[in-house]
Amino acid sequence: MMVHDPKRGMLIPNPKGRYVYDRYCVEECPKELLVERDACVRHCSVGSHHDMTKDSRRCEPCKGVCPKGFIILF
């Protein structure tokens, strides 16, 4: 999550940032969910994917065609 720094005139990491989870603001997303921008999600949106080879739960933009994956239901 980023916040605008008026002194620098640019976006910087926001140490007080929160994620949107359902109707709540949380410091971290639950472990069973992915992170997309500033929200906790079950599935990445169209045009993005979760790379399971990385040690991250973040949705990333696809480079070209999105890889096909599996939907895991909890």
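Readers should treat all values here as calculations from the given coordinates under stated rules, not as data from a laboratory. Keep in mind that what you see is a predicted model, and the values were worked out from it rather than measured. We place every Cβ from the backbone using ideal geometry, glycine too, and count neighbours over all the protein chains shown.
The figures follow:
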| read-out | value |
| --- | --- |
| Modelled FRET efficiency - R0 35 Å, H43 with M2, Cβ distances, 0.05 increments | 0.90 |
| Option label - log10 I(q)/I(0) by the Debye sum over Cα atoms at q = 0.14, 0.21 Å⁻¹ computed here, alternatives (i) -0.54, -0.99; (ii) -0.43, -0.90; (iii) -0.55, -0.86 | (i) |
| Potential extension, M52-Y21 segment - 0.36 nm per residue separation minus Cα distance | 9.0 nm |
